[in-house]
Amino acid sequence: MLSRLIKSLIDRLVAASMLLFLSPFIAILAIAIRFNMGSPIIFSQPRGGKNNSTFTFYKFRTMTDECDSNGKLLPDMERLTPLGEFLRQTSLDELPQLWNVLIGDMSFVGPRPFIAVYLERYTTEQARRHSVNPGITGWAQINGRNSITWEEKFQLDLWYIDHWSLWLDLQIIASTVIKIVSKEGVDEDQNTTMTEFMGTLEK
């Protein structure tokens, strides 16, 4: 489809331009993270991509590696630093995903990529969310994010796929920017960790 090709070209062009323009700022953030939280600066993890593939997903680190007396990592919120919280609230921790967009693993808009192990847990219908590239932001992100259930997330992802257009992508991007600037829903969304998705029985 021509419009899909146009979307891919726009994604890569904008990602390349943003990486070039923001490189000094990204470098400053990287240095601040290194001195505040140590190494590694970038958090990487296998995530599910288009056509049920797996790719390496990148984010700026927001938590320390602090453990309890038994060597077990402390809960996420106890390891989240003030700098990490700021990065989450402003979505600056997502900046490394511009590289994912540039190399074609992700898009600016699409279903959010979940950990790769979930690929084996989707129903046939839920797996349709992987018929397109995952996104930095998406329909589910502007309609509840971590405050909604897994089933609601999947429904929103599939609605996006079934109603996709370049115009819808522009609306989602505009809404995302407004939410970040206004901090609408940021506190509960960014600092809330979803429970693990264990799968849904086929109906």
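The values are calculated or read from the model by the stated rules, or taken from the named source; none is laboratory data. In this text, all values refer to a predicted model and were calculated from it rather than measured experimentally. Glycine gets a Cβ as well: all are built from the backbone with ideal geometry, and neighbour counts include every protein chain shown.
Couple of notes before you dig in:
- Count of segment 120-137 residues which are touching a strand residue (DSSP E or B) at 6+ places or on another chain (Cβ under 8 Å) and either over 19 Å from M1 (Cβ atoms) or of a type in the set (S, T, N, Q) (or both): 3
- Summed over segment 104-137, the residues that are in a strand (DSSP E or B), hydrophobic (A, V, I, L, M, F, W, C) and either touching a Pro at 6+ places or on another chain (Cβ under 7 Å) or closer than 13 Å to P46 by Cβ (or both) give a count of 1.
- Residue selected from segment 145-166 under the condition modelled with pLDDT of 95 or more and of a type in the set (D, E, K, R), by the criterion nearest to F108 (Cα to Cα): D157
- If the condition is being in contact (Cβ under 8 Å) with a residue 60 or more places away in the chain, crowded, with 17+ Cβ neighbours inside 10 Å and of a type in the set (V, I, T), then segment 108-163 contributes V109, V132.
- Among (1) surrounded by fewer than 16 Cβ atoms within 10 Å (Cβ to Cβ); (2) more than 23 Å from D157 (Cβ to Cβ); (3) modelled with pLDDT under 95; (4) out of contact with any helix residue (DSSP H, G or I) (no Cβ under 7 Å at 6 or more places or on another chain) - the single one E66 does not satisfy: (4)
- Residue check for S39: at pLDDT below 95, surrounded by 15 or more Cβ atoms within 10 Å (Cβ to Cβ) and not hydrophobic (A, V, I, L, M, F, W, C): no
- Segment 167-203, subset of a type in the set (A, V, I, L, M, F, W, C), assigned to a loop (DSSP other than H, G, I, E, B) and at pLDDT 80 or above, residue nearest to the chain's Cα centre (by Cα): F197
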